[in-house]
Amino acid sequence: LFETLRLRLTLFFFPLLPIQQMQFMLLFSRQGKLRLQKWYVPLSDKEKKKITRELVQTVLARKPKMCSFLEWRDLKIVYKRYASLYFCCAIEDQDNELITLEIIHRYVELLDKYFGSVCELDIIFNFEKAYFILDEFLLGGEVQETSKKNVLKAIEQADLLQEVSKSNFSGRSVSMVVVTQKLHVPLSF
Amino acid sequence: MSDVVERTLSALPGLLGQHDPGAGPGGAGGPGRVSASSRLGSLIRSITALTSKHEEEKLIQQELTSLKATVSAPTTTLRLMKECMVRLIYCEMLGYESSFGYIHAIKLAQQGNLLEKRVGYLAVSLFLHENHELLLLLVNTVVKDLQSTNLVEVCMALTVVSQIFPREMIPAVLPLIEDKLQHSKEIIRRKAVQALYKFYLIAPNQVQHIHDKFRKALCDRDAGVMAASLHIYLQMIKENSSGYKDLTGSFVTILKQVVGGKLSADFNYHSVPAPWLQIQLLRILGLLGKDDPRTSELMYDVLDESLRRAEINHNITYAILFECVQTIYTIYPKSELLEKAAKCIGKFVLSPKINLKYLGLKALTYVIQQDPNLALQHQMTIIECLDHPDPIIKRETLELLYRITNGQNVTVIVQKMLDYLKESQEEYAIISLVGKIAELAEKYPFIFLN
C-alpha cells in the first residue's frame, strides 16, 4: 500500500500531468527479458525496476484467451503478444484501452515496415533503431498523427547517410538473413 | 534452455556466415542493420549463453569496467563512443547503473556527426530525468542544433526537447522554437508544436503569450501539425473550457472533414481516416459541450455522422465508437443520439470478442447514472460476466454492479464481491473492493443480519 501511495505522490508532484497520457511502454520476451523501456513519467530507477519486475510477472501469468487489458495498481495496462515479444503499455485508469491497443499495433506495423518482416532478433540487435521509430511516432508520449511516409522518412534519411558512408568504406553491401520465428502482424483482429 | 533462446542461438551462426570481414564491425545490411558480430552483438550473445544471474552480473560488471575505460580515454573516436553508448543503454536496460557514461552521452550529442548525435540524444533522453544536474549541459547543443542548416539536426533537437528539458532554460530556446512554427517543412512545424506542448506542461506561464500561435497551428494546412496542436488545446480546454467555446465551430468543421474523408489517403490507418485525430476531437468536443446546451447543439450532427461512419470491422473503429459514445453521454443530452449510443454499448456488451465486452462493461459503468435502464436491459449478460473465467471481466462487472446496488440486490452483490476477494491476490484490487463493501455496509446495515 505504501508503494502505491508513493507512486501516486510522484505523479502528483509532476507539474502538469496531461490527461490520458501514456505512462510507459515496455517490451519484453516470454522469459521476461526486457528489450525496450520507455518512461513518460518521472520515476526513480528503483521504482522503475520494481514496476518492471512486478508487471512482467503479472502479464506473463495471463492466459491466452483473456482480454488484453488488466488493472494494476491505479493504472490500466494494455498488452499484446506478437510472436515471442510482449508489448506492454500503462495508461491512466479512465483512458480508452482499445486506442492503446491500436497504438501498439501501429508501432509494430512501423517496425515491420522499417525492418522488413520484423522479428524479435531485429529488435534485440537494433534496439536503438526501435527507440528512434518509437520516438517519431509517440513523441513525448503523444501519438503523432502523420501521413504514413513521415514517421519512417526521418529515420531513413539518417540511415541513407550511413549507407553512403559505409559503402565508401567497404565498397560492398552485406545482406543479412535472419532465420527465426517472425513476428506475426495480423492485418485485422 | 528455452526454445526461443535455442532458436536465437541457432540462427546466429547463420548471421555470422553472412558477415563480410572486409566491412569492419557493424557491417550494414538492409536498412542499417547491425550484424551479430559487432561488439553489441557479441555482448548480447554472451549474455544469452549464461545461465545464472550471478554470471550475468559478473559479465556486465566486466563490460562496464571496460566501457568506463574506453569512454574516459582521450583517444576514443566519436564513432567508437557511439558504439559504447549503445552498449551502455543496453546495460542500463538490464538494470545495471552506468552513470559514468551520462556526461559522455551529452558530449556525443554535442560533437558527433548526424548518426552519433542521434545516439547521443537518445542516450540522454533515456539516462537523464527532468531535474538531473547534467541536463543543463544539453541546452547549448540544443540551441546550436535548432539553428543548424541541416534539417535532420533541427528535428533531433526538437525531438529531445519534446521529451526532456530543464524548465529554467525554456527562455533560452523558446524564441528559436517559436520561429520554427513557420518553417516550410511540416515535420519541423509539427515537432515545434509538440515541443511547445511540453513547455506548456512543465511551465504554462512561460508560453502564455503565444496562444495565438497555437491558433495558427490549428489552421495549418498539414493535418499532422494541426493534430499536434490538439494536444495543447485538449489540455487548455480541460483546465478552462469556457475560454475556448468560440472554437467549437472550428473543431466541429475539422471533424466533419476528417470523417467525410477529405484528408489525403496517406492519413488512413486501415481505411479509417486519421483515427487519433478523430479521437482527440471527440474528447475536446466532450469537454466543450458538457452542461452547455447551446454548444452541444453545434455538435449533434457530426456526432451522429461519426456513429454512422464507424461501420468497418476493426478495433480502431470500435475505439472511435467508444469515444463517440462517451462524448454523447458527457455533453448536453439529446435523446436520438443517446438511443443510438445505447445501441452501440449494447453491441459491445454482447460481443463475443472479449476486449469489446470489457469496453461495453466499462461504458455501462460510465453511463449508469444517466441511464440505469440500460443496465437492466442487459442484466442477463452482466450476470453471465460475473462468472467469466477472466478475473478482469469479473472485476469490471463488480464495478458496474456496485453502482447499481439498491436495497433489493445489495446482499447478492456483496456476496459476489466477497467471493471475488477470496480468489484475488492483487493488493490494490483487494483494498479497493474492501472499501466498496465497507461503504455498502454503512449504507445498508441489514446485509449483516443474515
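Rule-based calculations on the coordinates, nothing more; no lab input. Small disclaimer: the values here were computed from a predicted structure and weren't measured. Don't worry about glycine lacking a Cβ; one is built from the backbone with ideal geometry, like all the others, and counts go over all protein chains shown.
What value, in deg cm²/dmol to 500, does the helix sum -39500 (n - 2.57) over DSSP H runs of n ≥ 4 give at 222 nm once divided by the residues of chain B?
Working: 24 runs with 308 residues, N = 450.
Here the helix-only value at 222 nm equals -21500 deg cm²/dmol.
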In region B:121-199, what chymotrypsin sites (Phe, Trp or Tyr not before Pro) fall in a loop by DSSP, with at most 16 other Cβ atoms inside 10 Å?
none
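Calculate, in whole percent, how much of the Cα-Cα pair population of region B:111-227 lies beyond 23 Å.
Values: 1732 of 6786 pairs.
For region B:111-227, the share of Cα pairs beyond 23 Å comes to 26 percent.
Could you compute how fast region A:2-146 diffuses translationally, taking Rh as the Kirkwood radius over C-alpha pairs and applying Stokes-Einstein at 4 °C with viscosity 1.567 mPa s? Give it in µm² per second.
Taking Rh from Cα pairs, D becomes 83 µm²/s.
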Gap separating the Cα centres of region B:370-423 and region B:210-227, nearest whole Å:
45
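Provide Rg over Rh for chain B; use the alpha carbon set for both Rg and the Kirkwood Rh (inverse mean inverse pair distance). Provide the component values of the computation, followed by the final result.
Values: Rg = 27.8 Å, Rh = 26.5 Å.
Rg/Rh: 1.05.
Just need the relative contact order of region B:118-177 here, percent rounded to a whole number, with Cα pairs under 8 Å and 6+ apart. Could you put the intermediate results ahead of the total?
On the way: 40 pairs, mean separation 23.6, N = 60.
It rounds to 39 percent for region B:118-177.
When only DSSP loop residues count, what trypsin sites (Lys or Arg not before Pro) in region A:60-160 have their Cβ near at most 14 other Cβ atoms within 10 Å? Working shown, then result.
Values: sites: A:R62, A:K65, A:R73, A:K76, A:K80, A:R81, A:R106, A:K113, A:K129, A:K148, A:K149, A:K153; in loops: A:R62, A:K65, A:R73.
Answer in residue order: A:K65.
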In Hz, Karplus ³J(HN,Hα) per residue of region B:80-92 (6.51, -1.76, 1.60; θ = phi - 60°; x = Gly, Pro)
5, 4, 4, 5, 5, 4, 4, 5, 5, 4, 4, 4, 5
Which trypsin sites (Lys or Arg not before Pro) in region B:278-375 sit in a loop by DSSP (not H, G, I, E or B) and have at most 16 other Cβ atoms within 10 Å of their own Cβ?
B:K353
Taking the alpha-carbon distance from B:K416 and a cut-off under 16 Å, which lysines remain once sequence neighbours fewer than 8 residues away in the same chain are dropped?
B:K394, B:K436
Can you give the Kirkwood hydrodynamic radius of region A:66-115 from its Cα pairs, in Å with one decimal?
11.4
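Counting alpha carbon pairs within less than 8 Å and at least 6 residues apart, what relative contact order, in whole percent, applies to chain B? Could you put the intermediate results ahead of the total?
Numbers: 432 pairs, mean separation 24.9, N = 450.
Result for chain B is 6 percent.
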A correct Karplus calculation of ³J(HN,Hα) over region A:72-82, with 6.51 cos²θ - 1.76 cosθ + 1.60, θ = phi - 60°, whole Hz and x for Gly and Pro, returns 9, 6, 9, 10, 9, 10, 10, 9, 8, 9, 10
Magnitude of the Cβ-charge dipole of region B:407-449, K/R +1 and D/E -1, about the Cα centre, nearest 20 debye?
180
Whichever aspartates and glutamates have a C-alpha closer than 14 Å to that of B:K290, once near sequence neighbours (fewer than 8 apart) are set aside
B:E239
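Let me make sure I get this right: for region B:407-449, a, b and c are the square roots of the gyration tensor eigenvalues over alpha carbons, sorted descending. Under 1.5 in a/c it's rounded, otherwise prolate if a/b > b/c, else oblate. Which is it? List each step's numbers first, then the result.
Details: a/c = 2.90, a/b = 1.79, b/c = 1.62.
It is prolate, given that a/c is not under 1.5 and a/b is the larger ratio.
What percent do you get for the relative contact order of region B:348-449 when only Cα pairs under 8 Å and 6+ apart count? Intermediate results must be reported in sequence, preceding the final value.
Working: 64 pairs, mean separation 19.6, N = 102.
For region B:348-449, the relative contact order is 19 percent.
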